[in-house]
Amino acid sequence: MTAAKTFVALLRGINVGGRNKVSMPELKSSLASLGLEDVVTYIQSGNVVFRSPTGDRKQIAARMERQIAETFGVSPTVLLRTPSELVKIADGNPYLKGEADHSKQLHVVFLGGRPSADAVARLDPGRSPPDEFSVRGSEIYLHLPNGFGRSKLTLDYFERRLGLAATARNWNTLLKLIALSQP
């Protein structure tokens, strides 16, 4: 018998701007009905920590997307990461040095896959001064001195240029998800 594997699900497009409302307690119950174990949600923006008896990411994400669509009538994209991947993502942030307040200025964009070098080359580093970004693997690190709301480095921009689904989390949320996903 294989031990259950822990994942963090990052849901794209729920509870944003009053649209696609999903109750976190109901989401927790709905996902538990799929056989997911120890389901915990964190804040309203679609963060779920759980254990699964299967480790097939694509199958788990697809089952979660179907369940959410059937139960709540919304169709979010579900991106999965393991706790160890989240730790590596946090450790790899090139913008940590010298920042006093990470909560408003640092964000991570989680991508649905690894972008091609050609797609990354099409990104404009001067799109939104003084904002900065760094693409590393399946994530984009953002340093946004004036905050996410004022930046032109939007999810829509990255999704269109890279051809991949994307969802973002601020630095504090990333750290909390790491803490929640540890044994």
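The values are calculated or read from the model by the stated rules, or taken from the named source; none is laboratory data. Small disclaimer: the values here were computed from a predicted structure and weren't measured. Note that each Cβ is placed from the backbone with ideal geometry, even for glycine, and that neighbours are counted across all protein chains shown. Please note that ligands, DNA and RNA were not included when accessible areas were found on the heavy atoms of the full protein model with its side chains. Shrake-Rupley method; radii C 1.70, N 1.55, O 1.52, S 1.80 Å.
Once you keep just the Cα pairs under 8 angstrom separated by 6 or more residues, what percentage relative contact order results for the chain? Please list the in-between numbers first.
Numbers: 298 pairs, mean separation 43.0, N = 183.
For the chain, the relative contact order is 23 percent.
Any chance you could run the full-extension gain for ALA3 through ILE43? It's 0.36 nm times the residue separation minus the Cα-Cα distance, nm to one decimal.
Numbers: separation 40, 0.36 × 40 = 14.40 nm, distance 2.75 nm.
Stretched fully, the ALA3-ILE43 segment lengthens by 11.6 nm.
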Self-check item: Positive-end residue, the chain charge dipole about Cα centroid, Cβ charges, pick of SER75, ALA166, GLN59
Solution: SER75
Quiz item: To the nearest 10 degrees, how steep is helix 57-72 against the longest Cα principal axis of the chain, on a 0 to 90 scale?
Solution: 80
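Relative to the Cα centre, what is the charge dipole magnitude of segment 1-130, using +1 at the beta carbon of each Lys and Arg, -1 at the beta carbon of each Asp and Glu, and rounding to the nearest 20 debye? Mind dumping the intermediate values first?
Values: 17 positive and 12 negative charges, 38 e Å.
With Lys and Arg at +1 and Asp and Glu at -1, about 180 debye.
Within the chain, what's the longest run with no trypsin sites (Lys or Arg not before Pro) in a DSSP loop and at most 13 other beta-carbon atoms within 10 Å? Give the range, please.
The answer is 22-96.
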Quiz item: Which of the aspartates and glutamates could be linked to LYS176 by a straight reach, that is with a Cα gap under 17 Å, when you skip same-chain ones fewer than 8 residues away?
Solution: ASP38, GLU85, ASP91, ASP101
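Counting Lys and Arg as +1 and Asp and Glu as -1, what is the net charge of the other residues whose Cβ lies under 9 Å from the Cβ of PHE7?
On the way: positive: LYS5, ARG51, ARG57, ARG81; negative: none.
After counting each charged neighbour, the total is +4.
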Quiz item: Per residue, how many Å² of accessible area does the chain show with a 1.4 Å probe?
Solution: 51
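Among the listed pairs LYS21/LYS104; LYS58/LYS97; LYS5/LYS152, which have their C-alpha atoms separated by more than 30 angstrom in this model? Provide the component values of the computation, followed by the final result.
Numbers: LYS21/LYS104 24 Å; LYS58/LYS97 35 Å; LYS5/LYS152 37 Å.
With Cα atoms farther than 30 Å apart: LYS58/LYS97; LYS5/LYS152.
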Quiz prompt | Accessible-area value, SER23, 1.4 Å probe, nucleic acids and ligands omitted, Å² | solution = 40
Exercise. Find the relative contact order for segment 1-99 and round it to a whole percent, using C-alpha pairs within less than 8 Å whose residues are 6+ positions apart.
Key: 35
Quiz item: Under a plain spin-label model, where a point goes 7 Å from the Cα along Cα-to-Cβ, how far apart in nm are ALA90 and LYS21?
Solution: 3.3
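What is the percent carbon and sulfur in the accessible area of the chain, measuring with a 1.4 Å probe over the protein chains and ignoring ligands? Before the final figure, lay out each step's value.
Values: 4530 of 9290 Å².
It is 49 percent, rounded to a whole number.
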Practice problem: Mind checking segment 1-67 for chymotrypsin sites (Phe, Trp or Tyr not before Pro) that DSSP puts in a loop (not H, G, I, E or B) and that have at most 14 other Cβ atoms within 10 Å? | Solution: none
Quiz item: If eta is 0.890 mPa s and T is 25 °C, what Stokes-Einstein diffusion coefficient results for segment 20-84, Kirkwood Rh from Cα pairs, in µm²/s?
Solution: 205
Quiz item: Per-residue HN-Hα couplings for segment 130-146, Karplus 6.51 cos²θ - 1.76 cosθ + 1.60 at θ = phi - 60°, whole Hz, x for Gly and Pro?
Solution: x, 5, 10, 9, 9, 8, 9, x, 9, 9, 10, 8, 10, 10, 10, x, 9
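So what is the 222 nm mean residue ellipticity for the chain from helices alone, if each DSSP H run of at least 4 adds -39500 (n - 2.57) and you divide by all residues, rounding to the nearest 500 deg cm²/dmol?
-9500 deg cm²/dmol
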Quiz prompt | Within segment 65-96, backbone nitrogen closer than 17 Å to the virtual label 7 Å beyond the Cα of LEU34 toward Cβ | solution = 65-83
